[in-house]
Amino acid sequence: APPGVAGYWGQDEGAISVGGMASLAYPDRIGLRRSGEEARFVLSGGKGAVMERSDALAGQRLIVALDLDGDQREARIRLAARIDEAELRALHAAAIAPVRICDWSRREGRVRARLQEQLGALVLSDRVWPDAPPEALARAALEGLRLDGLSWSAAAARLRARIALLPDLGPVGDADLLEDGDWLLPWLGRVRALADLRSLDLVEPLKARIGWEGQQRLDRETPGHFTTPLGRRVPIDYGGEEPSIELRLQELFGVTRHPSVGGRPLRITLLSPGGKPVQVTMDLPGFWASSYGDVRKDMRGRYPRHPWPEDPTAADPTLRAKPRGT
C-alpha cells in the first residue's frame, strides 16, 4: 500500500475505491470539474477533458478519467470513476503542495494574494493569503503597473521634463522607468487595485530616485517655479522647446529684464485679467516697447477696472482691480 493510505486499505485491500486505485494507476488523469453547466474538467496532468452531460458522473467534483478519445485540445471522457476528496488526499498526500501566490490578476485588475493546495494542475483549495509580505504585494503591484503603464499628473510630468534636461540623473522614459522598477516599490505596498495604480502620484518617487543631491542640482539648474515680483510661485513647464510660464500681464509691471532659468530665457504667455492669452514673448522689454501699446488699447475697453499704464516699466506689479464704481 502507498504510504499514508492505511485508513483506506486497513486489513482489507478492497477498502480502497475503484477511483482510488485508478488515481494510483493514472495519476495524471485525476480530473477537477470546472465551474459552469458543461461537464468540463482540468486533469492533473494539465490537459482539459469533457464529459457528456448525461453521464452519471457529470456533476462530480473529482473523477479519474479511465478512457479518453485522445483529442489533444480537449479530450472526451469515455469512461471515468468517481473519487472522494478525502481519499484523494490520503492517497496522494506527498504530491499535494501548498503554494503561495502573490501576483497581478489582469482579469480582475488587482493584486491577487492566495494560499492554494495544488495536485499537479489541480487547485484543491484556494483562499485569501491575509498576511502576504509587503514586498511581495508591492512587486505584484509593479507587475500591474508594467501592464497598465504609468499615469502622469501635471506636476509629475513637469518634474520628469526637468530631470530629462540633466541626462546624468538617469533616463526618464516610461520604458526605462518601468524596466528598473525597484525604485517604485516603497510606494506600491498599499496598492491593491487598478484605480490605486492610476492615482499613484509619481512626484515623490521621482525625487527619491534622483536623491537629495540630484534634487539640489535640479533646483539650481532647472528650477520648478518662477517667483513673480509679487512673490507668487508659478510652475515652469519644461515640456516644450523652451521652458515656459503663464501669468497675468499686470504681474510683470516694472520688470525690465527678461526672466530666465539656467541661462535660458523663459517663454512667457501673458494673460488678460480674464485668464486669456494676449501675447507670447521671449523678449519682455521688447514687448513693453512695441506690442504693449496695441494690447493696452484693446484691453482698456474690455477690463476698465484694471490698470493699463502708458509706461508699464515704471508701474508697480499688481493683481488687483479698482473697486466697482470708481
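The values are calculated or read from the model by the stated rules, or taken from the named source; none is laboratory data. All of these numbers come straight from a predicted model, not from anything done at the bench. Neighbour counts run over all protein chains shown; Cβ positions are idealised from the backbone, glycine included. Note: accessible area is taken over every heavy atom of the protein model, side chains too, but ligands, DNA and RNA are not part of it. Shrake-Rupley method; radii C 1.70, N 1.55, O 1.52, S 1.80 Å.
Quick look at the values:
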| quantity | calculated |
| --- | --- |
| Candidates ALA157, ALA113, ALA39, ranked by Gaussian network fluctuation over the chain, Cα under 10 Å, top entry | ALA39 |
| 1.4 Å probe accessible area per residue over the chain, in Å² | 56 Å² |
| Per DSSP, loop chymotrypsin sites (Phe, Trp or Tyr not before Pro) in the stretch 141-195 with at most 16 further Cβ within 10 Å | TRP152 |
| Hypothetical label at LEU147: residues of the stretch 168-194 whose amide nitrogen lies under 16 Å (7 Å Cα-Cβ projection) | 191-194 |
| Computed helical MRE - 222 nm, the chain, DSSP H runs ≥ 4 contributing -39500 (n - 2.57), nearest 500 | -8000 deg cm²/dmol |
| DSSP loop trypsin sites (Lys or Arg not before Pro) with at most 14 other Cβ within 10 Å: longest gap in the chain | 108-189 |
| For the stretch 222-310, convex hull volume per residue from C-alpha positions, Å³ | 98 Å³ |
| Cα convex hull of the stretch 32-146, projected area averaged across orientations, nm² | 8.8 nm² |
| Qualifying GluC sites (Glu not before Pro) in the stretch 182-269, DSSP loop, other Cβ atoms within 10 Å at most 10 | GLU241 |
| The stretch 154-225-the stretch 284-308 distance, computed between alpha-carbon centres (Å) | 41 Å |
| Apportionment of accessible area to carbon and sulfur, the stretch 1-155, percent (1.4 Å) | 48 percent |
| Amide H partners (placed H, <5 Å) of LEU66, local residues excluded | LEU79, ALA80, ALA81 |
| Share of Cα-Cα pairs in the stretch 116-185 lying beyond 21 Å, as whole percent | 48 percent |
| Modelled FRET efficiency - R0 30 Å, ALA56 with ARG89, Cβ distances, 0.05 increments | 0.80 |
| Estimated D of the stretch 200-266 in µm² per second, where Rh is the Kirkwood radius over Cα pairs and Stokes-Einstein applies at 20 °C, 1.002 mPa s | 159 µm²/s |
| Share of carbon and sulfur in the accessible heavy-atom surface of the stretch 180-275 [1.4 Å probe, %] | 44 percent |
| FRET efficiency for ARG302 and VAL203, using Cβ-Cβ distance with R0 set to 25 Å, rounded to 0.05 | 0.10 |
| Normalised alpha carbon radius of gyration of the stretch 68-220 [divisor 2.2 N^0.38 Å] | 1.54 |
| Relative contact order of the chain, pairs being alpha-carbon contacts under 8 Å that are 6 or more residues apart, as % | 9 percent |
| Percent of Cα-Cα distances greater than 17 Å, calculated over the stretch 157-229 | 48 percent |
| Which label in [x] 74, 21, 15; [y] 42, 25, 17; [z] 33, 24, 19 gives the computed semi-axes √(5λ) of the Cα gyration tensor in Å | [x] |
| The stretch 18-23 - phi-based ³J(HN,Hα) in whole Hz, Karplus 6.51/-1.76/1.60, Gly and Pro as x | 4, x, x, 4, 5, 5 |
| Overall dimensions of the stretch 147-280 as given by Cα atoms, namely Rg and Dmax in Å | 17.2, 53 |
| Under-5 Å amide H pairs with ARG248, H placed in peptide plane, nonlocal only | LEU271 |
| Contact order relative to length of the stretch 233-326, as percent, for alpha carbon pairs under 8 angstrom and 6 or more apart | 27 percent |
| Net length gained if the chain between VAL18 and ASP219 were fully extended (0.36 nm per residue, minus Cα distance) | 64.7 nm |
